[in-house]
1. Can you find even one residue in region 322-340 that is in contact with a Lys or Arg (Cβ under 6 Å, 6 or more places away or on another chain) and either modelled with pLDDT under 95 or among the hydrophobic types (A, V, I, L, M, F, W, C) (or both)?
2. In region 35-54, how many are surrounded by 19 or more Cβ atoms within 10 Å (Cβ to Cβ) and out of contact with any Pro (no Cβ under 6 Å at 6 or more places or on another chain)?
3. Assuming Gln464 fulfils every condition listed in (1) free of Cβ contacts under 8 Å to residues at least 40 places away in the same chain; (2) surrounded by fewer than 16 Cβ atoms within 10 Å (Cβ to Cβ); (3) not hydrophobic (A, V, I, L, M, F, W, C) apart from one, which condition is it?
4. Within region 191-201, how many residues turn out to be out of contact with any strand residue (DSSP E or B) (no Cβ under 9 Å at 6 or more places or on another chain) and buried (at least 18 other Cβ atoms within 10 Å of the Cβ)?
5. Is it the case that Ser448 is more than 28 Å from Ala279 (Cβ to Cβ) and at pLDDT 90 or above?
6. If I ask for residues that are loosely packed, with under 15 Cβ neighbours inside 10 Å, outside any helix (DSSP H, G or I) and not polar (S, T, N, Q), which ones from region 83-121 would you list?
7. Would you say Leu275 is aliphatic (A, V, I, L, M), surrounded by 20 or more Cβ atoms within 10 Å (Cβ to Cβ) and within 20 Å of Tyr194 (Cβ to Cβ)?
8. Taking the options Phe104, Phe129, name whichever one is touching a Lys or Arg at 6+ places or on another chain (Cβ under 7 Å) and modelled with pLDDT of 90 or more.
Amino acid sequence: MNWSLNELYTSFESKEYIEDIKTLDSKIEKYVEFSKTLEESKGKESENIYKYIKYNEDISTILSKLSAYSRLRLAVDVRDLDAKKHQDIIIDKSVKLTLPEVLFTEYIKKIENIEEIIDESENLKAYSFYLTEIKENSKYVLGRKEEVLISNLKKTGSQMWSDLQGNLTSTLKVDINKDEEKTMPLSETRNLAYSKDKDTRKSAYKAEIDSYEKIIDGTAFSLNGIKGEVLTLSKLRGYSSPLEETLISSRMTKEILDSMFTAIDEYLPYFRLYLKRKAEILGHEKGLPFYDLFAPVGEIDMKFSYPEAMEYIEEKFATFSEELAAYAKNAYENKWIDVKPREGKRGGAFCSNLHSIGESRIMTNFDGSFSNMITIAHELGHGYHGLKLKDESILNSSYPMPIAETASILSETIVMKAAIKEANEKEALYMLESSISDATQVIVDIYSRFLFEDEVFRLREKGQISNDKLSEIMIESQKKSYGDGLDEEFMHPFMWINKPHYYSGDRHYYNFPYAFGLLFSKGLYSEYIETGDEFISRYDELLRLTGQKNIKELAEFMEIDITKPDFFRKSLDIIKEDIDKFLELTENII
């Protein structure tokens, strides 16, 4: 049930870990010294750039391996003090990379004929996108002294605030039954939202809401601290806003974002029809209360042990691609997945692609439900994306957030569609509703999170935001997004506390990429249905190219235009068809 990290290191005291630390120190020292000589060697641009790339590749590989070990240990046990100590050590070492990175950016910024130099060098052609992006973004980089200072200050600024939020939510004990003095971790409590028993769902929701009072001050300070830092640095670097900064780092334009939200806004009424029908089925008259958002509709006997879930996923993946199925089998057999919730473990789920060893590690909080099985399929999709990139340079394997959800959502869609096809009527209704519920989260709830973060940035510019105001913004954002689909008496004012996506000094607006990923994947799945097996090789190539093209170019590679709302409307039509089917099937249930 627990993942194996031995393929990284067996311990912090292991010979391999200690040797890699020494190697990293040595390479960083040489890297820094080399970067200081860049300006002195005129006429050697091609040679200098290639030498820089090789230094960067070697250091990135070792550093990512070292940092992954402490980060993954902390993910499953926030109380692992040894891992926390070594994580801080690695962060200190990574800060030393700021100077050579800034010096190289300054160096390449002055080279006017960078495209010509790349074209004339066989060594550099493979890194064309990587180098061109550095050149284009160089105008947002401050001087060397400022960037080094910022890197150091972040360790005691946004990084500390982020760690505080993670610690508070991971160790929070929820009083699930005060009479029996029964408590459970927040992640387990939130899983009860999927319970078949309505009283369990409601009591878990109330207990969760009450529990946040214990940590609201700390998380509010964390959020204010991080957003304040982001605003200061974003303005200092010359961005018009944190949103512009995110779009540039996402390799995405405002035109694409606006096209997506235009289409989403048009289709929100259909999601509200679904929510109101679900409310009626569950006996609610004023819209759906938040605690019943994930309530199951229909019946399903599908309860999985972990081995059964993996066997089921592998079987469904095989209907798409034997390579995808083989990847899932390999992840299971080699203990790449940490499965069950436990005290000290982070909530939610994620996949970490470990380019340094050509493997992945997946964390879930699996409770045996159909929904949690789908979550594993989703995370395995992320891992498959990593598989397609493992033979690329580590410098060509970094893809932006909006494209990050492509493989994961496509993978869960494959499993869901195959499951619905062989299900009986009651099971099919359950699965259909579950699929629509997930889409509602990714479209409607994500929209509310975008609205929330946008307003937080606007207000944070004027000063610190109080606890009550943060909750008020959250409620208003949910009202704008969910409309009359939710019961206003039972919303979630504290959703800003438990979502780690808000608590990063380097990633802002970690919300709309999920909506883009869902709609992009829906469009790709539609093409797969139309073209069959010939789609798979193009899809694999798309994943391989995600570190070497911007999002518009990737879409064009698949012959898709994402600068206009039409593509997004077509993808939303696929969800609307599911909603129409759900409304038809449930017409006589009320």
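1. Restricting attention to region 322-340, the residues satisfying the condition of being in contact with a Lys or Arg (Cβ under 6 Å, 6 or more places away or on another chain) are 336.
Of the ones still in play, those that are also either modelled with pLDDT under 95 or among the hydrophobic types (A, V, I, L, M, F, W, C) (or both) are 336.
Among the residues of region 322-340, at least one is in contact with a Lys or Arg (Cβ under 6 Å, 6 or more places away or on another chain) and either modelled with pLDDT under 95 or among the hydrophobic types (A, V, I, L, M, F, W, C) (or both), which makes the answer yes.
2. Quick first cut of region 35-54, residues surrounded by 19 or more Cβ atoms within 10 Å (Cβ to Cβ) only: 35, 38, 45, 48-49, 52-53.
Now drop any that are not out of contact with any Pro (no Cβ under 6 Å at 6 or more places or on another chain), which leaves 38, 45, 48-49, 52-53.
Looking only at that region, the number is 6.
3. Result: Gln464 passes all but (1).
4. Of region 191-201, the ones out of contact with any strand residue (DSSP E or B) (no Cβ under 9 Å at 6 or more places or on another chain) are 191, 193-201.
Filter again for buried (at least 18 other Cβ atoms within 10 Å of the Cβ), leaving 191, 193-195, 201.
Total meeting the criteria: 5.
5. Values: more than 28 Å from Ala279 (Cβ to Cβ): no; at pLDDT 90 or above: yes.
No; evaluated as a whole, the condition is false for this residue.
6. If the condition is that a residue be loosely packed, with under 15 Cβ neighbours inside 10 Å, outside any helix (DSSP H, G or I) and not polar (S, T, N, Q), then Lys110, Glu112, Glu120 are the ones that fit.
7. Numbers: aliphatic (A, V, I, L, M): yes; surrounded by 20 or more Cβ atoms within 10 Å (Cβ to Cβ): yes; within 20 Å of Tyr194 (Cβ to Cβ): yes.
For Leu275, the condition - aliphatic (A, V, I, L, M), surrounded by 20 or more Cβ atoms within 10 Å (Cβ to Cβ) and within 20 Å of Tyr194 (Cβ to Cβ) - is met.
8. Details: Phe104 fails: touching a Lys or Arg at 6+ places or on another chain (Cβ under 7 Å).
Selected residue: Phe129, the only one of Phe104, Phe129 that is touching a Lys or Arg at 6+ places or on another chain (Cβ under 7 Å) and modelled with pLDDT of 90 or more.
The values are calculated or read from the model by the stated rules, or taken from the named source; none is laboratory data. All figures in this text were calculated on a predicted structure; none of them were measured in a lab. Virtual Cβ from ideal backbone geometry, glycine too; neighbours counted across all protein chains shown.
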